[in-house]
Amino acid sequence: MRSFDNDPAVVRTDSRGQRAHFATVEHTQRLARKLYEVRPGVWSLIGNGLSNQTFILAPEGVIAIDTGESNEEMADAIAELRKVSDAPLVAVLYTHFHYVGGTQGAFAEAGRDLPVYGHERIPYNLSRVTSEIAPAYSSGLVHQFAMRLPDDGPDGLVNDGLGLFFRNPDHAPFTPGFVPPTNTWRGGEVLTVAGLKLEVTHAPSDANDSVTLWFPEISTCVQNLVWPALFNIFAIRGEAYRDPQLLLTGIDHLLSLKPEHMVGTHGPPISGADDIQARVTRYRDAIQLLWDQTVRGMNKGLSADEMAQSIRLPDTADDDYLTSELYGVAEHHVRQIAMGVRGWFDGDTSKLFPLEPVERAGRMVEAFGGVEALRSKVEAARAENDIRWALELASWLTTRKGAEQADRNLLAAVLRDVGYRSSAANIRNWCLTRARDLDGTQDLSRLREHRLRAHALKAMAPREALHLIRVLFDPTRGAGLDLHIGFSFPDATSAGLHIRNGVSVATDGTGAAATVTLPYALLVQVLAGQANLRAVIQQGEASVAGDQEAVLAALVCFDVPGFAA
């Protein structure tokens, strides 16, 4: 399989009318909800959310590994555990920062706080994706994990590649329950948890805080390296570079353990030392092939586009779901490796100084005979199942100045062609979500706004909150400004921001030219768009020592509704 198949015959209709590649439909059964007994005293629940929840019976009680996306998800997992064991929960372990949202649910069942083990970077990684990059990160999640797709019909969610869904709808309202690790590790530790020996190895994969957990006494490892699909070197939602070289080191260590039982953060467990060795070796070699051949192509002077088309896994990769393109696609991984190793410029001269996208699209439309002629070419390419060409042509129509709804509808139709024919859940979900946004089936414009959330701001120190809004500063509106504004709070530590040289720099407020005095709780409301600063000053709830109009005029340069004039 490759990216997507031009042959419409690969499309199947699933049980609720969803249209998808036959391999995507088949994969759903592999991800179905089931509590696996991996060995006596080890259970792994899959199909409860995007990730698994794993439980290990130790001499002193049950160790819970990963807590999912919410307290409700974890409570549901514990309910499954209680069907096979009544031993108390005694500890929580995190494999990485993605699935740590249901820990308070574990505490509630235990009736007390439990020791929590995890990598020291977990709190930082969580804060990063919920602050400066939150809109882009959230939009990526929505697209990749089909969070706005319907349950049924042609565009309906089939699966998310690693699980049936990002969040099980039965778990709404998805109460967050993250608890920071009380016992942190970096990797290399040998511990005893609940009376059971544990060896921890740092094993970066899709997160730099990921670890492999090895329980030698029961020959069981729990890991985030081997997934129920070809590893996703590139996440279409957008993520930091996942270095295959580091990944291979982690997989080689896993193989060196020679485990009898291998439990993943996703997908069914695998038992049998020989089976694990054979299948995981093919998995790691598929990843090495992509890296090696990309570097080989770069050294030959090939561009990323050329390598994406020429480098592929052998057909035998589809003999095992571990190496199948059921999540992301190899050609995207090749592009990501090329960029991660060398940077964005791949030697293709057309990419050196390209035209601004709207202008380029307009010129291309004219060069192809105008709007109506190009629309006809898109339809002809679709009729001939030349979907890659149709996708590029339709993209020019929607990018050009003056694009019409008919153009967006046409691109949406092509994206559905791609989505229905791709074996990779990520690609299907992204294409269908974007198609629905383009044709107006669903309004996703809110995802393109950076909305600061009051509950998150309340948890920050004032200087931290003012540091966050630097990514909302418009240097065009603030051209030539040099103003240091202080903020004094009766209920928090003073802070400030210095607008200069087209940036905003958070300070402690010392030496500010003007100072705004108000409760920090009220500034939170302003930053979250729940109050307007000028209005609260006029109402006497805040005051300014210094040039009030200069302060307000400067703050208007931020994309913060509460600072608006």
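When you scan segment 247-265, do you find a residue that is open to solvent by 20 Å² or more (accessible area, probe 1.4 Å), in contact with a Gly (Cβ under 8 Å, 6 or more places away or on another chain), in a loop (DSSP other than H, G, I, E, B) and under 20 Å from Phe55 (Cα atoms), even just one?
yes
Given (1) open to solvent by less than 10 Å² (accessible area, probe 1.4 Å); (2) touching a Leu at 6+ places or on another chain (Cβ under 9 Å); (3) part of a helix (DSSP H, G or I), identify the lone condition not met by Leu230.
(3)
Looking for whichever is without any contact (Cβ under 8 Å) to a residue 40 or more places away in the chain, open to solvent by 60 Å² or more (accessible area, probe 1.4 Å) and either farther than 30 Å from Phe165 by Cα or part of a strand (DSSP E or B) (or both) here; the options are Asp285, Asp274. Which one fits?
Criteria check complete, one pass: Asp274.
Out of the residues in segment 59-75 that are of a type outside the set (Asp, Glu) and open to solvent by 10 Å² or more (accessible area, probe 1.4 Å), which is nearest to Pro181 (Cα to Cα)?
So the residue we want is Asn71.
Looking only at strands (runs of 3 or more DSSP E) that lie completely in segment 8-123, which have at least 1 residues being more than 26 Å from Glu189 (Cβ to Cβ)?
11-13, 19-21, 34-39, 42-46
Six or more apart or on different chains, Cβ under 6 Å: which pairs go from a residue in segment 399-410 that's more than 13 Å from Arg363 (Cβ to Cβ) to one that's polar (S, T, N, Q)? Could you list them?
Asp407/Thr398; Arg408/Thr398
Out of segment 304-351, which residues are open to solvent by less than 80 Å² (accessible area, probe 1.4 Å), assigned to a helix (DSSP H, G or I) and hydrophobic (A, V, I, L, M, F, W, C)?
Those that are open to solvent by less than 80 Å² (accessible area, probe 1.4 Å), assigned to a helix (DSSP H, G or I) and hydrophobic (A, V, I, L, M, F, W, C): Ala304, Met307, Ala308, Ala317, Leu322, Ala330, Val334, Ile337, Ala338, Val341.
Taking Pro176 and the conditions (1) over 30 Å from Val142 (Cα atoms); (2) in a loop (DSSP other than H, G, I, E, B); (3) open to solvent by 30 Å² or more (accessible area, probe 1.4 Å); (4) in contact (Cβ under 8 Å) with a residue 24 or more places away in the chain, which numbered condition does it fall short on, given that it satisfies the others?
(1)
Which one is farthest from Thr95 (Cα to Cα), of the residues in segment 182-198 that are assigned to a loop (DSSP other than H, G, I, E, B) and open to solvent by 20 Å² or more (accessible area, probe 1.4 Å)?
So the residue we want is Gly195.
Kindly list, by first and then second residue, each pair from a residue in segment 344-359 that is at positive phi to a residue that is surrounded by 12 or more Cβ atoms within 10 Å (Cβ to Cβ), limited to pairs with Cβ atoms under 8 Å and residues at least 6 apart or on different chains.
Gly347/Ser303
From the list Arg534, Arg500, pick out the single residue that is among the charged types (D, E, K, R) and buried (at least 18 other Cβ atoms within 10 Å of the Cβ).
Arg534
Can you spot a residue in segment 437-459 that is of a type outside the set (A, V, I, L, M, F, W, C), touching a strand residue (DSSP E or B) at 6+ places or on another chain (Cβ under 9 Å), part of a helix (DSSP H, G or I) and open to solvent by 10 Å² or more (accessible area, probe 1.4 Å)?
Checking segment 437-459: not a single residue is of a type outside the set (A, V, I, L, M, F, W, C), touching a strand residue (DSSP E or B) at 6+ places or on another chain (Cβ under 9 Å), part of a helix (DSSP H, G or I) and open to solvent by 10 Å² or more (accessible area, probe 1.4 Å).
Within segment 422-436, how many residues turn out to be within 15 Å of Gly161 (Cα to Cα) and open to solvent by 20 Å² or more (accessible area, probe 1.4 Å)?
The total comes to 1.
The values are calculated or read from the model by the stated rules, or taken from the named source; none is laboratory data. Note that the structure is predicted; figures quoted are calculated from it, not measured. Note that we place each Cβ from the backbone using ideal geometry, even for glycine, and neighbour counts take in every protein chain shown. In case anyone asks, the SASA skips ligands and DNA or RNA and just uses the protein heavy atoms, side chains included. Shrake-Rupley method; radii C 1.70, N 1.55, O 1.52, S 1.80 Å.
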